[in-house]
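The values are calculated or read from the model by the stated rules, or taken from the named source; none is laboratory data. A quick note: this is a predicted structure, and the numbers were derived from the prediction, not measured. Note that each Cβ is placed from the backbone with ideal geometry, even for glycine, and that neighbours are counted across all protein chains shown. Ligands, DNA and RNA are excluded from the accessible area calculation, which covers all protein heavy atoms including side chains. Shrake-Rupley method; radii C 1.70, N 1.55, O 1.52, S 1.80 Å.
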Amino acid sequence: MIKFYESISKFLQFLINVLFVLQIVLMILVFLTASYWFFDLINSDIFSFAQPIADSITDFVRIFYDREVQVGGVYIDGTLLLFDLISLVFVYLVSKVKYYIYRAIDSVNIQIKQVKSKMEEQFNKELQKEVEMNIKKANNVAVLVRFTAKNLMVDAAWGGNPDDGVQETEDEAFKLFYASLKNLPGCKFAKTDDKMLIILNDFNKVDNLLSYIEISINRITADMRKKKWLVYGNIAVDVYDNTANFKKDVYPVLERLLSIKHKNEPLCLGNFSIRYKLQPNPAFNLFMKGRYNLGQEYEVWVLVKKN
């Protein structure tokens, strides 16, 4: 379709060029013949060089018109005058035709732009689909959770060792946490030192998993506070595909995110945020927390549950 419109545009531009040349030729002929005719009337040979052209035009015009013009009782050959008048009219008409051709070219160019715009839009849609398909290949989710406990009954005033009972309280928090999430379908759990790793092989269920994690941590925090313990969780989440080296590429990222020590809300990097934004009706909002040096500089995002 574009080639068709471009061909029309080129043809119209060529036609304008032809008409322009024709106008120039006619104006030159009008100038030469009018000047020759005028100086011939006053018996001057200044424009005698134009006689062959004037004679040829006269012979041609006489095919259609063969009359003489009477001026002051003298009969004058009016073929050149008639040619000049007709040429001037023709030049004027050509200028009008050129105006409408220019408008036609503008219209064709608009059509070309519209077609190109539609093609570009279609190309961008197809490219966007391809990009989204590649992004969605990352379908596995890894969540790393760490609990931190602090005895509210131990401080400078009350005295006591702040480390007493911390490990036991954190272990209890992990047990409660695991008990509330262990029946979630599609999840695998692993306890490593002071952290719990959760693996989910279906990204479409990530909202369900993160919601359960938030509810469970909030419940544990509330229960522990009744026992005079402040317990909060650090949560890191990442997404990866089946080709990723989990121990080398995924787990270290989760540990670095935990080092930021953001309380009770999941942290993620840009790759997870891009993948999550493709989810229909997500349960969490993504907010930029900032840029952090985690081995190298990364943008870190916070997942905040919608009300």
| request: Excluding residues on the same chain fewer than 8 positions from Lys113, give the lysines whose Cα lies under 20 Å from its Cα. | output: Lys3, Lys10, Lys125
| request: Report the longest stretch of the chain that contains none of the chymotrypsin sites (Phe, Trp or Tyr not before Pro) sitting in a DSSP loop with at most 12 other Cβ atoms within 10 Å. | output: 159-307
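Using only the heavy atoms of the protein chains and a 1.4 Å probe, how would Ile215, Ile198, Ile8, Ile63 rank by accessible area, largest first?
Working: Ile215 85, Ile198 0, Ile8 55, Ile63 120 Å².
The most accessible residue leads, giving Ile63, Ile215, Ile8, Ile198.
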| note | A 1.4 Å probe over the protein heavy atoms gives the range 106-223 a carbon and sulfur accessible-area percentage of 52
| message | What does the charge count around Asp207 come to, taking other residues whose C-beta lies under 15 Å from its C-beta (Lys +1, Arg +1, Asp -1, Glu -1)? | response | +2
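Please give the net charge around Val131, taking every other residue with its beta carbon less than 15 angstrom from that of Val131, where Lys and Arg add +1 and Asp and Glu add -1.
On the way: positive: Lys125, Lys129, Lys136, Lys137, Arg275, Lys277; negative: Glu126, Glu130, Glu132, Asp241.
Once positives and negatives cancel, what remains is +2.
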| Of the DSSP H helices in the chain, those whose Cα atoms cover at least 27 Å axially and whose Kyte score averages -0.5 or more | 2-41, 79-136, 206-226
| remark: With all protein chains in place and a 1.4 Å probe, Glu130 shows an accessible area in Å² (nearest 10) of 100
| said: Suppose we keep just the alpha-carbon trace of the range 206-288; what are its Rg and Dmax in angstrom? | reply: 14.5, 46
| In Å, what is the Rg of the alpha-carbon atoms in the chain, and how long is Dmax? | 44.2, 138
| remark: Note, the range 275-289: 3J(HN,Hα) by Karplus (6.51, -1.76, 1.60, θ = phi - 60°), whole Hz, Gly/Pro = x, goes 5, 5, 5, 7, 6, x, 6, x, 8, 10, 9, 9, 10, 6, 8
| field | Candidates Ile274, Ile86, Ile105, ranked by Gaussian network fluctuation over the chain, Cα under 10 Å, top entry | value | Ile86
| message | Could you compute the net charge surrounding Gly186? Neighbours are other residues with a C-beta less than 10 Å from the C-beta of Gly186; K and R count +1, D and E count -1. | response | +1
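Can you give the Rg to Rh ratio for the range 124-226, taking only C-alpha atoms and Rh from Kirkwood? Don't skip to the end; give the middle numbers.
Values: Rg = 19.0 Å, Rh = 16.2 Å.
A ratio of 1.17.
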| request: With a 1.4 Å probe and all protein chains in place, put Asp84, Asp164 in order of accessible area, largest first. | output: Asp164, Asp84
| request: Springs between alpha-carbon atoms under 10 Å, Gaussian network over the chain: tell me which of Ala54, Ala173, Ala244 tops the mean-square fluctuations. | output: Ala54
| request: Excluding residues on the same chain fewer than 8 positions from Lys150, give the aspartates and glutamates whose Cα lies under 19 Å from its Cα. | output: Asp163, Asp164, Glu168, Glu170, Asp171, Glu172, Asp193, Asp194, Asp223, Glu265
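Rounded to the nearest 5, what is the percent of antiparallel bridges among the DSSP beta bridges in the chain? Show your work: numbers first, answer last.
Details: 42 of 44 bridges.
Of the beta bridges lying entirely in the chain, close to 95 percent run antiparallel.
How big is Rg to Rh over the range 86-152, alpha-carbon atoms, Rh as the Kirkwood inverse-mean-distance radius? Don't skip to the end; give the middle numbers.
Details: Rg = 31.4 Å, Rh = 18.4 Å.
That ratio is 1.70, to two decimals.
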| Accessible area (Å², 1.4 Å probe, nearest 10) - Lys228 | 100
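Let me have the 222 nm mean residue ellipticity of the chain computed from DSSP H runs of 4+ only, each contributing -39500 (n - 2.57), with the sum over all residues rounded to the nearest 500.
Working: 7 runs with 162 residues, N = 307.
Only helices count here, giving -18500 deg cm²/dmol.
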| remark: Expected vector for the range 186-192, Karplus 3J(HN,Hα) from phi with 6.51, -1.76, 1.60 and θ = phi - 60°, integer Hz, x for Gly and Pro, equals x, 9, 10, 10, 8, 9, 10
| message | Tell me the accessible surface of Ser35 in square angstrom (1.4 angstrom probe, heavy atoms of protein chains only), to the nearest ten. | response | 20
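Quick one: order Arg225, Arg146 from most to least accessible surface, probe 1.4 Å.
Greatest to least solvent exposure: Arg225, Arg146.
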